[in-house]
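The values are calculated or read from the model by the stated rules, or taken from the named source; none is laboratory data. None of the values given here were measured: they were computed from a predicted structure. Note: ideal-geometry Cβ built from the backbone for every residue, glycine included; neighbour counts use all protein chains shown. When the accessible area is computed, the model is the full protein with side chains, heavy atoms only, and any ligands, DNA or RNA have been set aside. Shrake-Rupley method; radii C 1.70, N 1.55, O 1.52, S 1.80 Å.
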Amino acid sequence: MLKIILAVVVLLIAGVLILAATRPDVFRVERSTQIKAPPEKLFALINDLRRFNTWNPYEKKDPDIQGSYSGAEHGIGAKYAFRGNKDVGVGNLEITESAPPEKVAMRLNMVKPFAASNNITFSLEARGELTRVTWAMEGPAPYFAKIIGLFINMDSMVGRDFEAGLANLKSIAEAP
């Protein structure tokens, strides 16, 4: 009986490892919303990391977050290093591309809870008196992340944060 149980456990573990190996080598999380504000106004709230952090959902997850700004005031080269609780982690963010008023790209380098380096893009598309804002993040999916992804839906988890952030941005941008 013990041999059967051991064989089933080994088969289950092998199945998980094989299934994880079939997952994509990259991930992408993306959320969009429509905001009643011109792209120029929204661009300014993203392209300046101090203003970005007034609506960034990760800043709100830790009221005691320790952050420091360096580099350019805004746009390419603006940097923000942070150290937060378990919900925020430790890492830094840098604006790597700034194309007014349509796009801001950033590089997110995480140290904790695990090392990761991902690309973030904010795209702004004017649609009459509305602007469609898209927040996307993509990066490599190492084998360990593929295994975790079998049990935890990262798109759903990170996507909820993006949705909260876009709602915060909308609230600030549409305020009189």
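Please state which of the following conditions Phe122 fails to meet, knowing it meets all the rest: (1) open to solvent by less than 30 Å² (accessible area, probe 1.4 Å); (2) of a type in the set (A, V, I, L, M, F, W, C); (3) not in a strand (DSSP E or B).
(3) is the only condition that Phe122 fails.
Where in the stretch 10-85 are there strands (runs of 3 or more DSSP E), lying fully within it, with 1 or more residues that are surrounded by fewer than 14 Cβ atoms within 10 Å (Cβ to Cβ)?
26-35, 66-71
Kindly evaluate Ala105 against the criterion of being out of contact with any Cys (no Cβ under 8 Å at 6 or more places or on another chain), open to solvent by less than 30 Å² (accessible area, probe 1.4 Å), under 19 Å from Asn47 (Cα atoms) and in a strand (DSSP E or B).
Against the criterion (out of contact with any Cys (no Cβ under 8 Å at 6 or more places or on another chain), open to solvent by less than 30 Å² (accessible area, probe 1.4 Å), under 19 Å from Asn47 (Cα atoms) and in a strand (DSSP E or B)), Ala105 qualifies.
Out of curiosity, is Ala126 in contact with a Pro (Cβ under 9 Å, 6 or more places away or on another chain) and among the small types (Gly, Ala, Ser)?
Yes; evaluated as a whole, the condition is true for this residue.
Could you please find all residues in the stretch 141-164 being closer than 14 Å to Glu30 by Cβ and in contact with a helix residue (DSSP H, G or I) (Cβ under 6 Å, 6 or more places away or on another chain)?
Residue satisfying the conditions is Asp161 alone.
Can you find, within the stretch 125-176, the residue that is farthest from Asp87 (Cα to Cα) among those that are in a loop (DSSP other than H, G, I, E, B) and either in contact (Cβ under 8 Å) with a residue 60 or more places away in the chain or among the aliphatic types (A, V, I, L, M) (or both)?
Glu129
Under the condition of being among the aromatic types (Phe, Trp, Tyr) and surrounded by 15 or more Cβ atoms within 10 Å (Cβ to Cβ), which residue from the stretch 127-163 is nearest to Pro101 (Cα to Cα)?
Trp135
Can you tell me which of Ser117, Ser98 is assigned to a strand (DSSP E or B), within 25 Å of Met154 (Cβ to Cβ) and open to solvent by 30 Å² or more (accessible area, probe 1.4 Å)?
Exactly one residue qualifies, and that residue is Ser117.
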